[in-house]
Structures are given as C-alpha cells and as structure tokens.
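Undergrad: Input: one structure, supplied below.
The values are calculated or read from the model by the stated rules, or taken from the named source; none is laboratory data. Quick caveat: nothing in here was measured; it's all calculated off a predicted structure. Cβ placement follows ideal geometry from the backbone for every residue including glycine, while neighbour counts extend to all protein chains displayed. Surface accessibility is based on the protein's heavy atoms, side chains included, excluding ligands, DNA and RNA. Shrake-Rupley method; radii C 1.70, N 1.55, O 1.52, S 1.80 Å.
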2 protein chains.
Amino acid sequence: MTDSEIVKTSMSEDDCENFRTIELLFFAYRSFITDADEVLADYGFGRAHHRVLHFVNRRPGLSVAELLEILKITKQSLSRVLRDLMDSGHIAQERGAIDGRRRLLYPTKEGRALALRLSQLQSRRINAAFERQDNEGRRNVEEFLRLMIDPEDRDFVDQLGPRGDI
Amino acid sequence: MTDSEIVKTSMSEDDCENFRTIELLFFAYRSFITDADEVLADYGFGRAHHRVLHFVNRRPGLSVAELLEILKITKQSLSRVLRDLMDSGHIAQERGAIDGRRRLLYPTKEGRALALRLSQLQSRRINAAFERQDNEGRRNVEEFLRLMIDPEDRDFVDQLGPRGDI
DNA sequence: AAAATACGTCAGCCTTATTGACATATTTAA
DNA sequence: TTAAATATGTCAATAAGGCTGACGTATTTT
C-alpha cells in the first residue's frame, strides 16, 4: 500500500448508473425493517425471529429443512431462534404423519397474532408509499422487485402468494 | 405458556394486505446485497465496509460524525471498519482545514475503484430489473422506494443525488 | 440389517452491532 | 486566558446472529 493517491471528486451517476436506486434501496429497506424491530424488542426477539415467524405463518406445517432452504441459514443458526419461539409459545412442532422424521412447524394463536401485528406495521408503510400510485404503478414496483430476486428464488416467492399448500 | 392452540391455516392477503410486497422486498434486498458480498469477501470485508466505502466515495471529505449520522451506528462500530479500510489503503484521512478537530474522509484511487466495481455489480442487477419498464415505470419504482424511507432520511437521499458538496 | 435422511445439540469462532468510560486535540466562549 | 464544548479515538465488555465441525438419535428406505 505505498501511499495511494487521494480522490476528492464525488462518485456520481456519470461513473455508474443507478446510484440513486442503490441508495433508495438501502434507506428504504432500513426503514422498512425498523418498524418491526421495535415491537420485536419487547419480546426479546430480533429480525431472525421475525423471519422464522413470518414464513411459519405463511406456510404452516413446513419442515425445518424447508425453512432452512428459504432462509438460507444453517440449522445451528435456526435452532436457537426456533427454540426461543417455541419456548415463548409462538411456534409449535408436530411430527410428520407420513414421515415421522420431519418436524412440522406451526404457529400458535399467539404466534399468528404477533406475525399479523408485525405485518400490519410494514403494510401500513407500504400503503403510504403506494398512496399516489395507480394499479399500473403498483405493478411496476412489483415487477421491478420480482426481477431483482435471483431466478432460483423467484418461483418460491410466486407460489407463496396465491396458494400452493405444502 | 399453557399449551397454546395450534393454527393450521395459512396467513394470507385476507389477513393483511401487501404480503407479496413484504416478501418481494425481503428476497429482492437479499439478492441485491449478495452481489457485492462475494467481491467483498476477497478483501476480507463485509457489508459494513461496503456501506462506509460507498458513502465516502459519494461524499468525499465527509467527517466521521456525518458518516455516523448516515449509517446510524456508533463510533465504536465505525472505527473498526474504518481502520480496516484505512489499513488496506482504500480510505485516507485528512485533518479539516477550517476545523482541525474533524477528520475528513476520502477514498484513495483503490477505494474509488472498489466502490465502482461494487456499484456496477448492483447496477447491472437493477438494469436487468428495469429492462421491460419505461421511464414512467422507473419513476414509479423510485417514488415508491423514496416514500418507504423515513421522512428524516428522505432529504438526505435527495441531496445525495444531484450535488450538494459538503 | 444397513444405509440414508431429518433433526437436535454441543462447542467454538466470526462479524457487526451495542454501551460505558476515558484520553486527546482543537475550537469556542466566558 | 482559562474553561468548556466539540470531534475523534480507544479500551473493555456484551449481544445477536451468522458460521463450521462433530456427534447422537429417531425414522425411513434399501
């Protein structure tokens, strides 16, 4: 590192396109998640708990392996979070009927209530952001976000929406 | 937690609007950041380094306090990351000319090059996601993202774009 | 019966964040 | 000109949430 030259000019859209979008994504996502953070803190939970709670509520009866696949974390990481949520009575396990090795995850009533509360907070922000947009605008936003996702994950997100009982 | 009732129905858009958008945001943002993660790993850097590098390149000469304000982290957190980036020759400090207490942060040539490389990766994904959208569609996306941001941060993002030399 | 699968857990490590306390240089105010 | 405020750096301890590797156990498949 022999004394490298200092640069004093700003990096701008001339150097690379889409700086504004890059920054909008950073700040938008940060605001988006802090909504839930505050509520989660009351339960001693973090974002990891939120993600698990969310997908268990969206796909009741999913297995641990499926959840790992969605979240792309290791089972060791998941297990701590899952234990917290089971200890607090937000999530419950059942052995699989067809395959007894699988532990199927379900929300409890309390887990459903918390998941809804968190989603409603985030939904409010989304509604406010969509306020001045028509259906076409919303479609544009959803298409953009969808195409930002790695192709491998896109199908999963799609089947999460309409139905597709696991 | 006296054995709470298990819920087996899926949480759906009937329960709360915008589930699809919530999930699109989660997956889109995850894909978005992993582009850069892979390059950063080669340098032994993480996302924290990326954020610092980015804003120092966008606002060369900003002070430590300003950077803390943008990132909303503590100086203790920042200092380690900043030290790594200075040790590796990606960022350099200069004492403020008017106020000698301030340490103004600048990218080096190497720091600028790395910041650009990372931005270009992310920009490519953004271009692909915008591919089938016209100017109106892009405006919709940017307006949506902008309104998702907490009002306090919106102005900062705006003045980051056009100019506004610090 | 043996092998593969699904899961749980123990132990140790890393990154990135936190808080609190304290040192230092520099500027500003009394 | 001394005192106070400011900007920064740093030390120490802690926490969340990731990771790898190894090993145990139930259950299903071969």
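Undergrad: Quick one: what pairs do we get from the stretch B:62-79, first residue more than 12 Å from DNA strand C (Cβ to nearest atom), second modelled with pLDDT under 95 and open to solvent by 10 Å² or more (accessible area, probe 1.4 Å), C-beta under 6 Å, 6+ apart or different chains?
TA: Hits for this filter: B:Leu62/B:Ile166.
Matching residues to (1) under 15 Å from the mean Cα position of the chain (by Cα); (2) among the hydrophobic types (A, V, I, L, M, F, W, C):
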{"position": "A:Ala41", "(1), (2)": "no, yes"}
{"position": "A:Ser63", "(1), (2)": "no, no"}
{"position": "A:Lys72", "(1), (2)": "yes, no"}
{"position": "A:Ser88", "(1), (2)": "no, no"}
{"position": "A:Ala92", "(1), (2)": "no, yes"}
{"position": "A:Tyr106", "(1), (2)": "no, no"}
{"position": "A:Ala113", "(1), (2)": "no, yes"}
{"position": "A:Leu116", "(1), (2)": "yes, yes"}
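Undergrad: Still on this model: In the stretch B:144-162, which residues are surrounded by fewer than 23 Cβ atoms within 10 Å (Cβ to Cβ) and either within 7 Å of chain A (Cβ to nearest Cβ) or in contact (Cβ under 8 Å) with a residue 60 or more places away in the chain (or both)?
TA: B:Arg146, B:Leu147, B:Asp150, B:Asp153, B:Phe156, B:Val157, B:Leu160, B:Gly161
Undergrad: Which condition from (1) of a type in the set (Val, Ile, Thr); (2) within 9 Å of another protein chain (Cβ to nearest Cβ); (3) open to solvent by 70 Å² or more (accessible area, probe 1.4 Å) is the one that A:Val141 breaks?
TA: (3)
Undergrad: Could you identify the single residue in B:Leu40, B:Leu24 that is touching a residue at least 60 places away in the same chain (Cβ under 8 Å) and more than 17 Å from A:Gln120 (Cβ to Cβ)?
TA: Matching residue, one of B:Leu40, B:Leu24: B:Leu40.
Undergrad: Can you pull out the residues in the stretch A:101-110 that are open to solvent by 40 Å² or more (accessible area, probe 1.4 Å) and within 13 Å of DNA strand D (Cβ to nearest atom)?
TA: A:Arg101, A:Arg102, A:Arg103
Undergrad: Follow-up. Look at B:Ala65 and say whether it is open to solvent by 40 Å² or more (accessible area, probe 1.4 Å) and either small (Gly, Ala, Ser) or more than 9 Å from every other protein chain (Cβ to nearest Cβ) (or both).
TA: yes
Undergrad: Could you grab me the full set of residues in the stretch A:38-49 that are over 21 Å from A:Lys72 (Cα atoms) and in a helix (DSSP H, G or I)?
TA: Once the filter is applied, which keeps residues that are over 21 Å from A:Lys72 (Cα atoms) and in a helix (DSSP H, G or I), the stretch A:38-49 yields A:Glu38, A:Val39, A:Leu40, A:Ala41, A:Asp42.
Undergrad: What is the residue count in the stretch A:78-99 for residues that are within 13 Å of DNA strand D (Cβ to nearest atom) and open to solvent by less than 40 Å² (accessible area, probe 1.4 Å)?
TA: Residues meeting the conditions: 6.
Undergrad: Residues in the stretch A:53-60: is at least one among the β-branched types (Val, Ile, Thr), within 28 Å of A:Asp155 (Cβ to Cβ) and within 17 Å of the chain's Cα centre (by Cα)?
TA: Taking every residue of the stretch A:53-60 in turn, at least one turns out to be among the β-branched types (Val, Ile, Thr), within 28 Å of A:Asp155 (Cβ to Cβ) and within 17 Å of the chain's Cα centre (by Cα).
Undergrad: Restricted to the stretch A:1-36, and to residues that are assigned to a loop (DSSP other than H, G, I, E, B) and among the hydrophobic types (A, V, I, L, M, F, W, C), which residue is most open to solvent (accessible area, probe 1.4 Å)?
TA: Per the stated criteria, the residue is A:Met1.
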